[in-house]
Amino acid sequence: MSVEIAKSAGFCFGVDRAVKMVYEEIEKGGKVATFGPIIHNTSVVSELESKGVRIVNDLSELQSDERLILRSHGVGKCIYDKLDEMGNEYIDATCPFVARIHKIVQEQSEQGKIILIAGDSKHPEVDAIVKHCIGECYVFADENELQEIFQKNLGFLKKKVAIVAQTTYNIIVWNKCLDIIPDTFKDVTEVFQTICNATSARQTAAVELARRSDVMIVIGGKHSSNTIKLHSVCSEYCPSYHIESSDELYDIDLNGASEIGVTAGASTPAYIIKEVILKMSEIQKNQEEDINFAEALEQSFKKIHTGERIKGIIVAVNNSEAIVDIGTKHTGFISQSELTNDPSKKPADVVSVGEEVDLVVIKINDQDGIATLSKKKVDEMVGFDNIVKAMEEEKVLEGTVQRAVKGGVIVLVDGVGVFVPASHTGLGRDEDIEKLVKQQVSLKLIDVIPQRRRAVGSIKLVQKTIREEAQKKFWEAAEVGATYKGEVKSITNYGAFVDLGGIDGMVHVSELSWKRIKHPSEVVKVGDVLEVYIKELNQETGRISLGYKKSEDNPWAKFAESYSIGDVVKATIVSITPFGAFASIIDGVDGLIHISQIANQRVDNVKDVLSVGQEVDAKITECDIDNKRVSLSMRALLAEDAGEEE
């Protein structure tokens, strides 16, 4: 004879949470009461009563100084409203999966939809769901009752219908119900999958075990809805017995059963399951085949150890943690900080319900049936293996800068934090490394210490490699006259350095403008994109001289086309010297008015006659385009005017 325990058996997340909340309130001291039995398990309820926890079935029974704990099955909205009026402190232990149904039916009924609820109308969970509905709602136990509801209410076609299920509803019956929804109603009916994942997993595991067992023992409270449904689904495959305690085993004939399966409802603590197994061992000890059921139990309850690497199935995800089925009697929890190294991600961004994940056991609490787990540590293990391999292969890795630390930054690569010293970030000495945070970067590893799980990388090395490849490509194709578009990387007094794609060339200040400028910043700034052409190349020294001025923009060419000697022009004085004044004829072309050509009489100081910005009439007397020289005369015009007067 052998005994096998179903993979999913015993306390579920919601029940475990509710019981813990009661014990937490007991430890705080003072009077504690629960609204109805906290869970459907007489053993657990009796234990709590022995610690002073009182059960009230109506708020009128509540004492003014009592703290009330709302049971895992949930309560109607009217209870919350009444408690607010009374002023009693209350703790809401409603299972999060039940609370989700409350929110759904409230929102859907507010939209005017008719609510259909699959479940036991006498069960407190269903009663609470009904009391969260604002409008019309119906409860059905199975597919026959649902079909009857549709047949009697053809008026549903004029409205929208929403269907939900009790969290512990029989998954097989639920599927039958969905199959019989009339085609005429499918367009107006919205179905919400509200059967708890743990319930579904428990029923599925029980069915699988019942298929290969001679007898099934189903442990749980006589009023526990999910235990009753477990017994129902198991009974379809083999003789099944619903018991609440080990004492009931004496009424069951196990002779001839070589394969015995054991499962338990969501409200059944692990110690009761163990008691049942031990009692089975006592009953069967006189049989020929002397089986140690206690040993069978230990084998069935898969053991886990701190530091062990295991697999688990995600059964629920909330804003702070993920709940995991790890195939033992423990409820597995992964906190947000143990899911990922990225603090910006929520649990739902990392894992999803139904996903199988690799985990490391951080802590085990057998008394409470809790296992604290970490996905992050597994990711780091796998990631570090990849890091070591990448170091050997000299691979370039991609990562995100997570944060700046003393002396550098931490880059997250495959779940592993790689330290990049400030000198290897690729930034200048005076640049702020904080600007790299949250940026995607490429890096190479320069040191890995497997024993300490420490890795050091360099962004600068990758940038250097990219530059060298770009430079090689540039020199292969570069020639005088070739044009490029590049970004101004830096500016000096004598010119601007332009990035041509991994290699810099310089535009001399004289090549930036046809005008006379004192500093390159008068024409360009860092970050500007310029179209330049190569004037000179020297691969040995790596020097590249660039031109920016366009010949078609040459003001001297424009001047030569439009002006000649003898023309009279209007010019603006731009500067004054001891020997004369320079005047702008057109933008980029200045002519000199010698001191002797300013007036008919002797001029000792140019500033006595002319000033910067003054507009004058002058005659072009000399023009040397090649040497960019133009001579102007104001005196020549004065002489012509005098001749005309005579």
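What follows draws every value from the coordinates through simple rules; no lab data is involved. Not measured: the values here are computed from a predicted model. For neighbour counting, all protein chains shown are included, and Cβ atoms are generated from backbone atoms with ideal geometry for every residue, glycine included.
Numbers for the structure displayed
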quantity	calculated
Loop-located GluC sites (Glu not before Pro) in region 514-564 whose Cβ has at most 15 other Cβ within 10 Å (DSSP)	Glu540
The chain: radius of gyration over Cα atoms, expressed as a fraction of 2.2 N^0.38 Å	1.69
Cα-based convex hull, region 379-463, per residue volume (Å³, whole number)	79 Å³
Members of Lys395/Lys460; Lys7/Lys274; Lys20/Lys376; Lys489/Lys515; Lys131/Lys186; Lys159/Lys186 lying beyond 18 Å, as alpha-carbon distances in this model show	Lys20/Lys376; Lys489/Lys515; Lys131/Lys186
Amide H contacts under 5 Å for Ile69, placed H, 5+ residues apart	Ala33, Thr34, Phe35, Ile91
Longest exposed-site-free window of the chain, the sites being chymotrypsin sites (Phe, Trp or Tyr not before Pro) in a DSSP loop that have at most 15 other C-beta atoms within 10 Å	193-493
Partners for Lys406 among aspartates and glutamates (Cα-Cα distance below 17 Å; same-chain residues under 8 apart left out)	Asp430, Glu431, Asp432, Glu434
Region 351-429 versus region 582-616: alpha-carbon centroid distance in Å	75 Å
Gained length - Arg467 relative to Gln539, 0.36 nm times residue gap less alpha-carbon distance	24.4 nm
FRET efficiency, Glu561 to Ser513 (Cβ-Cβ, R0 25 Å, nearest 0.05)	0.80
Test item: Cα-centred dipole of the chain, Lys/Arg +1 and Asp/Glu -1 on Cβ, debye	760 debye
